[in-house]
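First the structure, in the form of structure tokens, and then the observations on it.
Since every read-out is calculated from the coordinates, none of them should be taken as a lab result. Everything quoted here is computed from the prediction, not taken from an experiment. When we count neighbours, we look across all protein chains shown, and the Cβ atoms used for this are built from the backbone with ideal geometry, even at glycine.
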Amino acid sequence: MIYNFNAGPAMQPKAVMLETQAELLDWHGCGKSVMEISHHSDEFSTIAQDAEQRLRLLLDIPSDYAVLFLAGGASIQFSMIPLNLCANHDDQADYLHTGAWSGKAITEAKRYIRVNTAMSAKNSEFSTLPDHTRWQLTDNARYLYYTTNETVQGIQFNSIPQSTVPLVADMTSSILSEHLDIKRYGVIFAGVQKNIAPAGMTIAIISPDCLDCAMAITPHWFHYQSQYQAHSMLNTPPTFNWYMAGLMFKWVEDEGGIAVMEQRCIRKSTSIYEVIDNSNGFYINRIDPTYRSKLNVVFHLKTTKLQDTFIQEATNADLHGLKGHKLMGGIRASMYNAMPEEGAQQLCNFMRDFAQRYG
Ligand SMILES: *Cc1c(COP(=O)(O)O)cnc(C)c1O
């Protein structure tokens, strides 16, 4: 069995893949594949509503929140957020700069609105998160934006930021890995390729008060309210991704729900951080332990010239996808819900053995 530690597109649960395979040519006896049927058909309506319902139950989403299934990657939300939550170019929003993804969101938002970087972790090279008492929030901000888990650096918030304005969260790499208090948020979005489904779709969960603004220039197909009215079918949605997302939600339910995912996630990441911390400096993780990511364990080897050997030997041992992001170098082990606990265990064993042989 190959354990795939890719950051995204990422490993899918085997059960979900097998179910997709079994239904590929003929969905529930309709004689056609899901990818061949109209998004307006009764069959697809069933698939779409079923997926939404399952997500609403899993995350306990209030009924007045919109749940949108949108074409395209998470980065499209970097533009859709300011366009949909602001009325004009003079409006201001607060952003927390905690790593690569929030950095890109800030750059993009600046094209539309005035951005106040209320906190930046750049001074520490994104290894710790300055306390909220040091944030410089503005009174008239339209929203406060943050990235729950920075997938590239491997740093994660451990609580929800306090906010008096709508809170916007990029949860691309952490959704379905922990309990969420949805009411605290204005908008939550997540590209599906990390923890939900194949690449090409983004899910947005939107409070009623964040559906009613939008700049006049907002492209019609980027407009939350219009997509909401059209049940995310203003144009052809990514039907197959939507279908596979539904299978994933059912799988999470069958496995015991979000609480079980959360516990597994903690156990998997903790076991690897323990190996790092007990390696006498052979492996180094530079993130403040309070904010270490539970999804993406980013580390490097003290002897950097051993890194290629580490990756090569890991691959030979069926541990794939461990090469770090090009910005960071080193090693990154991404472990979303589909990564079995045995995968993390095998990686721990490999790391200990490697350190012994080369340390
Ligand atoms: C992967 C990722 C993105 C970008 O997703 P795309 O679908 O490639 O646009 C954005 N934010 C976070 C936190 C991510 O992990």
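From the list Q153, Q193, which one is part of a loop (DSSP other than H, G, I, E, B), within 16 Å of the ligand (Cβ to nearest atom) and under 18 Å from L70 (Cβ atoms)? If you could, list the steps in order and put the result at the bottom.
Numbers: Q153 fails: under 18 Å from L70 (Cβ atoms).
Going through Q153, Q193 in turn, just one is part of a loop (DSSP other than H, G, I, E, B), within 16 Å of the ligand (Cβ to nearest atom) and under 18 Å from L70 (Cβ atoms): Q193.
Among the residues of the stretch 230-247, are any more than 16 Å from the ligand (Cβ to nearest atom), farther than 30 Å from E23 by Cα, more than 18 Å from the chain's Cα centre (by Cα) and touching a residue at least 60 places away in the same chain (Cβ under 8 Å)?
Among the residues of the stretch 230-247, not one is more than 16 Å from the ligand (Cβ to nearest atom), farther than 30 Å from E23 by Cα, more than 18 Å from the chain's Cα centre (by Cα) and touching a residue at least 60 places away in the same chain (Cβ under 8 Å), which makes the answer no.
Within the stretch 98-120, restricting attention to residues that are assigned to a loop (DSSP other than H, G, I, E, B) and out of contact with any strand residue (DSSP E or B) (no Cβ under 8 Å at 6 or more places or on another chain), which residue is surrounded by the most Cβ atoms within 10 Å (Cβ to Cβ)? Write out each step before concluding.
Narrowing the stretch 98-120 to residues assigned to a loop (DSSP other than H, G, I, E, B): 98-99, 110-113.
Now drop any that are not out of contact with any strand residue (DSSP E or B) (no Cβ under 8 Å at 6 or more places or on another chain), which leaves 110-112.
Working: K110: 13, R111: 12, Y112: 20.
Among those that are assigned to a loop (DSSP other than H, G, I, E, B) and out of contact with any strand residue (DSSP E or B) (no Cβ under 8 Å at 6 or more places or on another chain), it is Y112.
In the stretch 1-26, how many residues are part of a loop (DSSP other than H, G, I, E, B), surrounded by 14 or more Cβ atoms within 10 Å (Cβ to Cβ) and free of Cβ contacts under 8 Å to residues at least 40 places away in the same chain?
Applying the first criterion (part of a loop (DSSP other than H, G, I, E, B)) to the stretch 1-26 yields 1-2, 5-13, 24-26.
Okay, now just the ones that are also surrounded by 14 or more Cβ atoms within 10 Å (Cβ to Cβ), so 5-13.
This time we only want the ones that are free of Cβ contacts under 8 Å to residues at least 40 places away in the same chain, so: none.
Residues flagged as part of a loop (DSSP other than H, G, I, E, B), surrounded by 14 or more Cβ atoms within 10 Å (Cβ to Cβ) and free of Cβ contacts under 8 Å to residues at least 40 places away in the same chain within the stretch 1-26 amount to 0.
Looking at the stretch 159-170, which of the residues that are under 14 Å from the mean Cα position of the chain (by Cα) and touching a residue at least 40 places away in the same chain (Cβ under 8 Å) is nearest to the ligand (Cβ to nearest atom)? Explain how you work it out, then say what you get.
Just the residues of the stretch 159-170 that are under 14 Å from the mean Cα position of the chain (by Cα), to begin with: 168-170.
Checking which are touching a residue at least 40 places away in the same chain (Cβ under 8 Å) leaves us with 168, 170.
Values: V168: 12, D170: 5 Å.
Out of the qualifying residues, it is D170.
Among the residues of the stretch 121-133, are any part of a strand (DSSP E or B), under 23 Å from T151 (Cβ atoms), β-branched (V, I, T) and away from the ligand (no atom under 15 Å from the Cβ)?
Taking the stretch 121-133 first, the residues part of a strand (DSSP E or B) are none.
Checked against the condition, which is being part of a strand (DSSP E or B), under 23 Å from T151 (Cβ atoms), β-branched (V, I, T) and away from the ligand (no atom under 15 Å from the Cβ), the stretch 121-133 yields no hits at all.
Would you confirm, using the coordinates I've provided, whether S173 is within 16 Å of the ligand (Cβ to nearest atom) and either in contact with a Cys (Cβ under 8 Å, 6 or more places away or on another chain) or assigned to a loop (DSSP other than H, G, I, E, B) (or both)? First the steps, then the outcome.
Numbers: within 16 Å of the ligand (Cβ to nearest atom): yes; either in contact with a Cys (Cβ under 8 Å, 6 or more places away or on another chain) or assigned to a loop (DSSP other than H, G, I, E, B) (or both): yes.
When the stated conditions are applied, S173 passes them.
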